[in-house]
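Read through the structure below, which is laid out as structure tokens, and then see the notes.
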Amino acid sequence: MTVMDTVLCNEPEVKRLALAALEECTDLQAFGRRCLEILLNSLVSAKADEACGAPYGERSPGRTNSRNGYRERGLLTPAGDIRVRIPKLRTGTFFPEDLIERYCRADRALVAAVAEMYVLGISTRKVEEVAGALGVSSMSKSQVSRLCESLDSEVAAFRRQRFDGVRFAYLWLDATYVKCRVDGRSVSQAVVTAIGLDDTGHKRFLGVDCVDTESYDGWRGFLSDLRSRGVAAGEDGVQLVVSDAHEGLRRAIAESFQGAAWQRCITHLMRNVAGHIRGKGDQRVAREAMKAAFAQKSPLVARACYQRAAEEVARLSPAAGRVMMEAEEEALAYLAFPVSHRSKIRTNNVQERANREIKRRTNVVQGFPSRESLIRLVGAALIEADGE
């Protein structure tokens with residue numbers, strides 16, 4: 001039986017406490033805070049029962065330990081201050097580390113909220129006022145600074161993580177632009193990210209950085225960092241890199257991951273082709289012709305359909321036809337890989353979703369006061385996405 005099952009078995013008691021909380025609380029915020037406290041304490045109690053081998057107060061031949069009182073500790077959460085009752089055991093020690101961080105008095109979500117307010121340029125005094133409005137009894141300037149520092153260290157560890165012994169067959173690269181102050185001026189900065197697919201079939205964020213622009217030098221430095229942290233190339237490493245057709249990025253990929261094939265994102269290619277064609281009707285015809293080619297499973301048929309589609313597109317626009325013909329090898333590189341993988345590796349959609357999440361967070365800020373604050377917020381967002 002899991003801990004949650006144990007809590008559900010004690011559902012009548014939890015409901016009784018929740019109904020009592022509804023009567024004693026004067027507003028919804030206080031009620032939510034009290035319910036969170038009840039649920040968390042129920043989970044902690046269930047974990048203690050698990051450690052003792054029997055429910056609290058019950059005689060059982062399977063009991064291996066018993067309780068010896070409680071110790072209370074405060075925990076800051078987005079709902080406000082709550083009190084957690086942690087049982088003491090007669091033999092050994094007990095702490096629910098999978099529920100609460102041992103030496104941290106603040107919930108991770110509250111840390112992220114405080115850090116985001118800090119990034120927004122809100123003064124530590126105003127952050128304290130906002131924390132008070134959330135129900136947190138005290139949030140000093142020094143606490144705000146420490147919370148932001150803890151987030152910085154977590155993001156730094158995320159960006160320094162090593163991948164020795166982990167093989168990534170596929171690598172997706174992309175960038176999105178965010179406003180940031182550099183040397184007193186608000187300029188557009190490229191947030192570059194890398195996602196890899198490991199042997200277990202899981203996608204993982206491998207790196208994030210902020211560079212002036214999508215130049216060869218910027219991408220070369222970013223990819224060199226990936227290599228230094230264990231993202232290998234060659235037969236035992238990356239087999240295919242997926243990206244758009246940025247010239248500096250292509251050159252950096254060729255130098256950093258020699259032997260790996262390069263897949264030009266077909267979604268970006270279709271946009272590029274459509275951009276050379278006038279008229280929405282003709283653009284639709286071009287896209288449908290290209291989709292028909294990419295839908296073929298046989299490499300021979302796919303190539304024949306691609307060439308046929310390029311001829312049709314050339315009739316609509318010679319420039320668009322040339323773009324298609326020149327991109328044939330890179331657009332169809334995915335055909336050399338397993339059929340079940342092709343729909344995932346021929347586009348950069350996984351990066352597009354990551355960029356949307358980054359934009360969702362950064363649009364709130366609009367303009368970051370520094371690169372460090374930008375990396376802090378984006379890194380924290382990617383850590384959460386990586387865990388999911």
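The values are calculated or read from the model by the stated rules, or taken from the named source; none is laboratory data. Fair warning: this is a prediction, and the values are worked out from it, not measured in the lab. With ideal geometry, Cβ positions are generated from the backbone for all residues, glycine too; neighbour counts draw on all protein chains shown. What goes into the accessible areas is simple: the full protein's heavy atoms, side chains included, and nothing from ligands, DNA or RNA. Shrake-Rupley method; radii C 1.70, N 1.55, O 1.52, S 1.80 Å.
Side notes on the structure shown:
- Contacts under 7 angstrom Cβ, first residue in the range 238-256 being within 19 Å of residue 273 (Cβ to Cβ), partner among the polar types (S, T, N, Q) and open to solvent by less than 60 Å² (accessible area, probe 1.4 Å), 6 or more apart: 242/263; 242/348; 243/348; 244/348
- The range 288-307, subset in contact (Cβ under 8 Å) with a residue 24 or more places away in the chain and not hydrophobic (A, V, I, L, M, F, W, C), residue most open to solvent (accessible area, probe 1.4 Å): 297
A quick yes/no check of all residues on (1) in a helix (DSSP H, G or I); (2) farther than 14 Å from residue 240 by Cα; (3) β-branched (Val, Ile, Thr):
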| position | (1), (2), (3) |
| --- | --- |
| 334 | yes, no, no |
| 341 | yes, no, no |
| 347 | no, no, yes |
| 351 | yes, yes, no |
| 356 | yes, yes, no |
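- Exactly one residue out of 313, 350 is more than 25 Å from residue 174 (Cα to Cα) and either open to solvent by less than 10 Å² (accessible area, probe 1.4 Å) or in contact (Cβ under 8 Å) with a residue 60 or more places away in the chain (or both): that is 313.
- When residue 260 is tested against (1) open to solvent by 30 Å² or more (accessible area, probe 1.4 Å); (2) among the small types (Gly, Ala, Ser); (3) under 30 Å from residue 217 (Cα atoms), just one condition goes unmet, and that condition is (1).
- Look at (1) farther than 16 Å from residue 380 by Cβ; (2) in a strand (DSSP E or B); (3) small (Gly, Ala, Ser) and you find that residue 230 fails only one, number (2).
- Counted residues, the range 362-381 - those being open to solvent by 40 Å² or more (accessible area, probe 1.4 Å), closer than 27 Å to residue 245 by Cα and touching a residue at least 40 places away in the same chain (Cβ under 8 Å): 1
- Of all residues in the range 180-207 being open to solvent by 10 Å² or more (accessible area, probe 1.4 Å) and touching a Gly at 6+ places or on another chain (Cβ under 9 Å), the one that is nearest to residue 341 (Cα to Cα): 203
- For the criterion of being open to solvent by 60 Å² or more (accessible area, probe 1.4 Å), closer than 20 Å to residue 215 by Cα and basic (Lys, Arg), residue 250 passes.
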